[in-house]
6 protein chains.
Amino acid sequence: VIELTREYRFAASHRLHSHQLSQDANRETYGKCNNPYGHGHNYRVLVTVAGEIDKKWGRVVDVTRLDSVVRQAIIEPMDHRHLNDEVPEFARLVPTTENLADVVDARLRAAWPADLPALRRVRIFETRNNTFEIGHV
Amino acid sequence: VIELTREYRFAASHRLHSHQLSQDANRETYGKCNNPYGHGHNYRVLVTVAGEIDKKWGRVVDVTRLDSVVRQAIIEPMDHRHLNDEVPEFARLVPTTENLADVVDARLRAAWPADLPALRRVRIFETRNNTFEIGHV
Amino acid sequence: VIELTREYRFAASHRLHSHQLSQDANRETYGKCNNPYGHGHNYRVLVTVAGEIDKKWGRVVDVTRLDSVVRQAIIEPMDHRHLNDEVPEFARLVPTTENLADVVDARLRAAWPADLPALRRVRIFETRNNTFEIGHV
Amino acid sequence: VIELTREYRFAASHRLHSHQLSQDANRETYGKCNNPYGHGHNYRVLVTVAGEIDKKWGRVVDVTRLDSVVRQAIIEPMDHRHLNDEVPEFARLVPTTENLADVVDARLRAAWPADLPALRRVRIFETRNNTFEIGHV
Amino acid sequence: VIELTREYRFAASHRLHSHQLSQDANRETYGKCNNPYGHGHNYRVLVTVAGEIDKKWGRVVDVTRLDSVVRQAIIEPMDHRHLNDEVPEFARLVPTTENLADVVDARLRAAWPADLPALRRVRIFETRNNTFEIGHV
Amino acid sequence: VIELTREYRFAASHRLHSHQLSQDANRETYGKCNNPYGHGHNYRVLVTVAGEIDKKWGRVVDVTRLDSVVRQAIIEPMDHRHLNDEVPEFARLVPTTENLADVVDARLRAAWPADLPALRRVRIFETRNNTFEIGHV
């Protein structure tokens, strides 16, 4: 079994604001991330698939197909978007990078073609100092 | 003469939309960057000062003072902000990274204490593939 | 379950010298790292915690508290220090990066608040070519 | 148990061409990578070993010996080489990075001295966007 | 005046062999780079243009046009190619990175549209340790 | 004219303490960098030479000779050393990175063979956020 990790990138804006918290609690919890005008990041998304190497063509996955899945499920709906206003999952879910990783992972699993090798892990860099990872054994 | 280049970072959102262009021209010119909800970036700002090494303490600049100038002029007003809505210069100026570099440079020059060594260069990374630089001979 | 990995940095000096080896064996084993005057590194420390995303505020951990634990246990006692002379564990333990990883991990576990999500992994970059990792299943 | 990951690098050329596929299928499958003149990469190889820290000298592995194993098995036969023409395994095996990871892993395991700590993982970066990893539990 | 530096990448193979040197002198001069089967690199090419910011749309250059010039002059003829065998300039010119920088610079200047801002600099990374730069005042 | 920039690295320790300042002034000026036990860094040194491409062998400089100059003048006397105690220039000169850049530049110029292309610039990274550069027109 071999793993391929492929990196994708998108730029988006967001605002950290929880509908389950009061205005004051939001401000205290999220600080400047609660700014109503929002702010943004260059997100790096690392997608890992795991499978056997195909004997004939020496590949673990058809990268063109993998790219197409990621582009349709993640890049097109999120790149150059405001996560709170334009990505339905965040209409009421606060777009922390934890929740973003969860949404990216759920979207990929929902869109995953049965004949692609297994999705093993999703990892998101919010800045160079913070990464979030969700894995599947 | 020695140069010190120091890196700062901030995360902001923006929308590319020129008041001098029609709605259609904006869409055609800026594409997905014209999205009315905005999007964002992690900007890296490199500030270069040039001067002589102080014989006594071996430094070209008091870094604490340099940081304070940059923090007040750039980081506090721009970090975790929406450039169009919260930075006055962009009320009518389109916040491309070219114009952002120009605004950062102008703000630093306006705030620059007379006794700091000369501001030589401002460089901004929008993504890892694009950098913009304004220099002063 | 989601993992957050957060990067910290500190600059320290050390000397590789084992009290269990003769002078000659020390010189042969550690080479230029045995230099009695010491040398130093910029260490990068990656701390990984694993837990569930809090439904209400969308976070796996309160980063301010995590930073405070790491700062008190690791950064303040080790940053801009000589590991052999100023960090008690290395009074008789040779400060290889293996032992440093072990000490960092032990200090974090000892200081870990019961209500923080589990400490999953500690990883240290000594240079860009060498990393050391200690994990907990 | 601690893991050490050490990075090595080599520059090589290759051509993706499978003897089990027709000329047309090769062109369709590998596109520009099937170019008969070949092309090349700077490969980064990360080798991870896992073991206990030696009490006496504070190391998990003698890095000089590890380097010697990797140099003889991988760097000397592959650096500044054409993988298809000069590395015997690729005489009939298509040198995708998946197969390269497999060959690197097999060569290391075959050459591994019994008294070195266990080889845990091999990871290869083909470009900054694609990495391939083979692990051993 | 502002400078934009934009990064492009291509993967190619080459062989260092000068038609002005004997077989022995080639081997001695270029060492393993003279290997007749060739080897390869991931080249990073940084192209810098300098000009004024257009008042209306806030850009120094139309990036789509810049990309198109670089793609036609450099990326398409060099990416996934063998420089000696497939890039005419290297039929008799040894493809060191110095000469590659010179060829890339000459090709860009020859293809440069009169209405694009000036080409200021070309910089090529052969590996992370070596860069070559040609500038125009 | 083409420039080659080549990167070198060394790890050293130092203590910021000026013989021209009182104990208190030292503590106030250099803060934790004044710690008497010292601390350390992984320094990256970028050396830039500028010259014409040799027609015959396509190189701007014989890299083996350049490496030898840098190794003898800089790496051997400074790598795995304590700058204050083991590098004579710092016996009474405070080893800030400004002064280190100055010493590296002076040592290279003193050792520079007349037939090597001109030394154009020395640049030192102390950490990823701070670089110091000395150039020669």
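The values are calculated or read from the model by the stated rules, or taken from the named source; none is laboratory data. Keep in mind it's a predicted model, so treat the numbers as computed, not measured. FYI the Cβ positions are ideal-geometry reconstructions off the backbone, even for glycines, and counts take in every protein chain you see. Note: accessible area is taken over every heavy atom of the protein model, side chains too, but ligands, DNA and RNA are not part of it. Shrake-Rupley method; radii C 1.70, N 1.55, O 1.52, S 1.80 Å.
Here are a few things to note about the model shown:
- Cross-chain or 6+ apart pairs with Cβ under 7 Å, segment D:55-73 first and over 11 Å from residue D:4 (Cβ atoms), then assigned to a helix (DSSP H, G or I) and hydroxyl-bearing (Ser, Thr, Tyr): D:57/C:29
- Residue within segment D:1-16 that is open to solvent by 20 Å² or more (accessible area, probe 1.4 Å), in contact (Cβ under 8 Å) with a residue 24 or more places away in the chain, over 30 Å from residue C:28 (Cβ atoms) and in contact with a Lys or Arg (Cβ under 6 Å, 6 or more places away or on another chain) present: no
- Residues that are within 22 Å of residue B:133 (Cβ to Cβ) and part of a helix (DSSP H, G or I) are absent from segment E:4-15 altogether.
- Subset of segment D:16-49 [closer than 14 Å to residue D:126 by Cα, within 11 Å of chain E (Cβ to nearest Cβ) and not polar (S, T, N, Q)]: D:16, D:33, D:39, D:40, D:41, D:43, D:44
- Filter result for residue D:21 (surrounded by fewer than 23 Cβ atoms within 10 Å (Cβ to Cβ), within 15 Å of the chain's Cα centre (by Cα) and farther than 15 Å from residue E:11 by Cβ): no
- Filtered residue count, segment D:122-137, keeping only those that are of a type in the set (D, E, K, R) and either closer than 21 Å to residue E:35 by Cα or open to solvent by 60 Å² or more (accessible area, probe 1.4 Å) (or both): 2
- Check on residue E:119, touching a residue at least 60 places away in the same chain (Cβ under 8 Å) and either open to solvent by 10 Å² or more (accessible area, probe 1.4 Å) or closer than 30 Å to residue B:135 by Cβ (or both): yes
- For segment B:76-98, a residue qualifies if it is touching a helix residue (DSSP H, G or I) at 6+ places or on another chain (Cβ under 6 Å), open to solvent by 20 Å² or more (accessible area, probe 1.4 Å) and in a loop (DSSP other than H, G, I, E, B), and the qualifying residues are B:80, B:93.
- Within segment E:1-15, considering residues that are facing another protein chain (nearest Cβ under 8 Å) and hydrophobic (A, V, I, L, M, F, W, C), the one farthest from residue B:96 (Cα to Cα): E:12
- Breaking point among (1) touching a residue at least 24 places away in the same chain (Cβ under 8 Å); (2) away from chain F (no Cβ under 14 Å); (3) touching a strand residue (DSSP E or B) at 6+ places or on another chain (Cβ under 8 Å); (4) farther than 23 Å from residue F:16 by Cα, for residue C:90: (2)
- Segment C:32-47, residues that are assigned to a strand (DSSP E or B) and open to solvent by less than 20 Å² (accessible area, probe 1.4 Å): C:39, C:40, C:41, C:43, C:45, C:47
- Residue list for segment A:111-129, filter: at pLDDT below 95 and not in a loop (DSSP other than H, G, I, E, B): A:126, A:127
- Unique residue being of a type in the set (Gly, Ala, Ser), crowded, with 20+ Cβ neighbours inside 10 Å and at pLDDT 95 or above when the list is C:73, C:101, C:50: C:101
- Scan of segment E:107-116 for residues that are in contact (Cβ under 8 Å) with a residue 12 or more places away in the chain and open to solvent by 20 Å² or more (accessible area, probe 1.4 Å), ordered by number: E:107, E:110, E:111, E:112, E:113
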